[in-house]
Amino acid sequence: MPCDNKLTFNIRQVSKICRYPKQDNMQTKLPAKGQSPALLLQTLESFKAQDLPWQSGRVFGYVYDAGAESQQLLRQAYSNFLSENALDPTVFPSLLKLENDVVGIAANLLHGDTAVGNFTTGGTESIMLALKTARDFAREKHPQITQPEVVLPHTAHAAFHKACHFLGLKPVVIPVDLTTFRAIPEQFVEATTENTILWVASAPSYAHGVIDPIEAIAQLALQTKVLFHVDACVGGFYLPFAQQLGYPIPAFDFSVKGVTSMSADFHKFGYAAKGASVVLHHHADMRKYQLFVNSSWAGYTMINTTVLSTKSGGSLAACWAILHYLGTEGYQQHVAATMQATQQIRQHLANHPHLFVLGNPDMNLLAIASRSFSVFRLADAMRRRGWYVQPQLASASSVDNIHLSVNPSNVPHIAEFLQDLDAAVAEIVAEAKPAVDLAPILAILQSGTPDALAQISALLGISGQDLPEDLEAINTLLSQLPPAVREFFLKDFANQLYVD
């Protein structure tokens with residue numbers, strides 16, 4: 001099942017030939033005179049014309065929506081605390097109260113009787129702080145470790161690689177079971193060296209929606225005497241309610257002895273406004289390694305619990321509001337509805353002649369692959385029908401697939417979605433269109449011309465910052481390139497994208 005990337009181009013080869021032509025930088029200028037609020041708001045609204053219409057319930061990714069009334073509450077609570085600054089809780093004790101409340105709710109849901117933590121802007125920051133904690137703990141307790149390593153499964157979120165990159169840590173990636181997509185406990189022990197400072201597992205992994213065997217890994221972590229982080233960014237505010245409703249969710253949180261830290265996002269299935277997550281440690285003695293304090297410069301004494309210093313209280317207030325608005329009953333209702341909708345999709349695909357679900361997801365996340373054709377073609381066909389499904393490129397542990405995050409807003413539209421899915425599949429099968437021909441692109445790569453990337457962009461239909469309507473060719477090329485070369489292309493494209 002894993003991708004067997006056949007293309008062999010390496011970074012050095014590609015970097016020599018793939019350069020976009022230099023462009024004039026026509027920077028936007030500050031207007032000489034201010035404009036009216038009404039005109040500015042109208043202009044801002046017009047900018048959203050090409051955005052995904054997530055309010056329609058036809059988008060299976062990126063936005064976690066609990067309904068119109070929830071959205072209105074989030075906006076109002078956010079704006080009420082827009083200017084309050086969480087930099088100094090002694091100046092804004094309201095924000096300290098809000099943070100202690102939401103962190104306490106998270107710790108309680110995740111069975112952290114002695115757990116402490118802090119509110120962050122998202123899963124990446126929570127993960128970065130968990131790794132910083134492990135690094136600084138190791139610096140004090142194990143000063144002989146000069147090249148600290150973090151052991152993580154191939155299915156762990158990319159944010160762990162980002163955190164390792166920022167913090168000077170080495171990610172040691174271990175394989176997963178290629179049928180279940182779950183981590184293999186024994187692999188952690190085999191990958192552990194005298195430099196290991198932390199193990200990581202997922203509850204669940206985003207790509208396939210499956211929970212790693214947390215109890216088995218935690219038992220080995222205790223025996224090995226290594227810190228163990230469980231990433232519950234996507235499941236932290238979903239799985240507890242699924243457990244309460246009787247779904248067979250294995251133990252994954254602080255109820256498991258050996259789990260020393262966790263990350264969980266309020267702004268996913270907690271339905272909070274974006275910038276809302278939490279990092280938790282099993283005991284306050286560990287949290288002190290997360291903090292940053294500096295009183296040696298000329299200004300005010302800096303005490304930071306998280307990466308950011310100045311931060312608006314808006315997302316914190318909105319998070320507090322949605323937690324108290326929905327309550328246990330509201331979250332249980334959303335979990336029940338989305339689990340039922342997920343099961344409806346899975347039953348529909350159970351004996352499908354062309355599509356199948358990867359693994360056995362534990363919650364409302366699905367990765368769908370095809371036996372017959374490119375799923376990237378299916379993603380394009382569904383987008384033409386008004387649906388957004390998220391393409392996922394082939395990797396060492398998985399084939400090309402499309403990802404669904406089933407939200408409450410999707411629930412009323414599942415029957416229509418499945419009807420359109422079948423129609424799109426029938427259209428693709430009947431058309432019998434040949435696979436994307438990468439030969440012209442490969443010829444350009446091998447030509448060694450200095451504007452190769454610009455030529456490839458033209459072949460793929462990329463014009464400046466604009467992508468073509470159908471993305472099959474682009475996704476197919478990226479999927480077949482080795483990951484390092486794939487990342488080079490994406491970095492170069494992003495570098496051009498954020499130019500005015």
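The values are calculated or read from the model by the stated rules, or taken from the named source; none is laboratory data. Keep in mind it's a predicted model, so treat the numbers as computed, not measured. In this analysis, Cβ positions are derived from the backbone assuming ideal geometry, glycine residues included, and neighbour counts consider all displayed protein chains.
Confirm whether Glu427 is over 30 Å from Val335 (Cβ atoms), modelled with pLDDT of 95 or more and surrounded by 14 or more Cβ atoms within 10 Å (Cβ to Cβ).
Details: over 30 Å from Val335 (Cβ atoms): yes; modelled with pLDDT of 95 or more: yes; surrounded by 14 or more Cβ atoms within 10 Å (Cβ to Cβ): yes.
Criteria met by Glu427.
Only one of these conditions is not met by Gln55: (1) surrounded by 15 or more Cβ atoms within 10 Å (Cβ to Cβ); (2) of a type outside the set (Asp, Glu); (3) under 23 Å from the mean Cα position of the chain (by Cα); (4) assigned to a helix (DSSP H, G or I). Which number is it?
The one condition Gln55 does not meet is (1).
Sort out which residues of segment 395-413 are among the aliphatic types (A, V, I, L, M) and surrounded by fewer than 21 Cβ atoms within 10 Å (Cβ to Cβ), and write them in order of number. Give the steps one after another, and end with the answer.
Step one: list which residues in segment 395-413 are among the aliphatic types (A, V, I, L, M), which gives 396, 399, 402, 404, 406, 411.
Of everything in segment 395-413, those that are among the aliphatic types (A, V, I, L, M) and surrounded by fewer than 21 Cβ atoms within 10 Å (Cβ to Cβ) turn out to be Ala396, Val399, Val411.
Being on the phi > 0 side of the Ramachandran plot and in contact (Cβ under 8 Å) with a residue 24 or more places away in the chain is the requirement here; does Gly327 meet it? Can you show your working first?
Details: on the phi > 0 side of the Ramachandran plot: yes; in contact (Cβ under 8 Å) with a residue 24 or more places away in the chain: no.
Answer is no for this residue.
Sort out which residues of segment 349-378 are among the charged types (D, E, K, R) and either more than 29 Å from Ala242 (Cα to Cα) or assigned by TED's automatic domain parsing to the domain that holds Pro468 (or both), and write them in order of number. Walk me through how you get there before you give the answer.
First pass over segment 349-378, keeping only residues among the charged types (D, E, K, R): 362, 371, 377.
Listed by number, the residues that qualify are Arg371, Arg377.
Go through Leu30, Leu74, Leu41 for me and flag whichever is out of contact with any helix residue (DSSP H, G or I) (no Cβ under 9 Å at 6 or more places or on another chain) and either surrounded by 13 or more Cβ atoms within 10 Å (Cβ to Cβ) or in a helix (DSSP H, G or I) (or both). Give the steps one after another, and end with the answer.
Numbers: Leu30 fails: either surrounded by 13 or more Cβ atoms within 10 Å (Cβ to Cβ) or in a helix (DSSP H, G or I) (or both); Leu74 fails: out of contact with any helix residue (DSSP H, G or I) (no Cβ under 9 Å at 6 or more places or on another chain).
On inspection, the qualifying residue turns out to be Leu41.
Among Ile456, Ile444, which is crowded, with 19+ Cβ neighbours inside 10 Å, over 32 Å from the mean Cα position of the chain (by Cα) and in the same structural domain as Phe489 (by TED's automatic domain parsing)? Write out each step before concluding.
Working: Ile456 fails: over 32 Å from the mean Cα position of the chain (by Cα).
From the options Ile456, Ile444, the qualifying one is Ile444.
Please work out which residue is nearest to Val357 (Cα to Cα), limiting yourself to segment 422-438 and to residues that are part of a helix (DSSP H, G or I) and free of Cβ contacts under 8 Å to residues at least 60 places away in the same chain.
Narrowing segment 422-438 to residues part of a helix (DSSP H, G or I): 422-431.
Narrowing the set further to residues that are free of Cβ contacts under 8 Å to residues at least 60 places away in the same chain leaves 422-424, 426-428, 430-431.
Numbers: Asp422: 15, Ala423: 18, Ala424: 17, Ala426: 18, Glu427: 20, Ile428: 19, Ala430: 22, Glu431: 24 Å.
Within segment 422-438, the match that is nearest to Val357 (Cα to Cα) is Asp422.
Which residues, taken from segment 374-411, are assigned to a loop (DSSP other than H, G, I, E, B) and free of Cβ contacts under 8 Å to residues at least 60 places away in the same chain?
Step one: of segment 374-411, the residues assigned to a loop (DSSP other than H, G, I, E, B) are 374, 385-387, 389, 393-394, 396-397, 399-400, 406-407.
Result: Arg385, single match.
Going by the conditions given, is Ala203 within 16 Å of Asp253 (Cα to Cα) and either free of Cβ contacts under 8 Å to residues at least 24 places away in the same chain or assigned by TED's automatic domain parsing to the domain that holds Gly117 (or both)?
Working: within 16 Å of Asp253 (Cα to Cα): yes; either free of Cβ contacts under 8 Å to residues at least 24 places away in the same chain or assigned by TED's automatic domain parsing to the domain that holds Gly117 (or both): yes.
Here the answer is yes, as Ala203 does meet what is asked.
Surrounded by 23 or more Cβ atoms within 10 Å (Cβ to Cβ), in the same structural domain as Leu169 (by TED's automatic domain parsing) and either assigned to a strand (DSSP E or B) or at negative phi (or both): which single residue out of Thr124, Thr146, Thr133, Thr114 fits that description? Spell out the reasoning first.
Details: Thr124 fails: surrounded by 23 or more Cβ atoms within 10 Å (Cβ to Cβ); Thr146 fails: surrounded by 23 or more Cβ atoms within 10 Å (Cβ to Cβ); Thr114 fails: surrounded by 23 or more Cβ atoms within 10 Å (Cβ to Cβ).
After ruling out the rest, the residue left standing is Thr133.
If I filter segment 477-490 for residues that are assigned to a helix (DSSP H, G or I), more than 30 Å from Ala156 (Cα to Cα), touching a helix residue (DSSP H, G or I) at 6+ places or on another chain (Cβ under 6 Å) and touching a residue at least 24 places away in the same chain (Cβ under 8 Å), do I get at least one hit?
First pass over segment 477-490, keeping only residues assigned to a helix (DSSP H, G or I): 477-480, 483-490.
Checking which are more than 30 Å from Ala156 (Cα to Cα) leaves us with none.
No, because not a single residue in segment 477-490 is assigned to a helix (DSSP H, G or I), more than 30 Å from Ala156 (Cα to Cα), touching a helix residue (DSSP H, G or I) at 6+ places or on another chain (Cβ under 6 Å) and touching a residue at least 24 places away in the same chain (Cβ under 8 Å).
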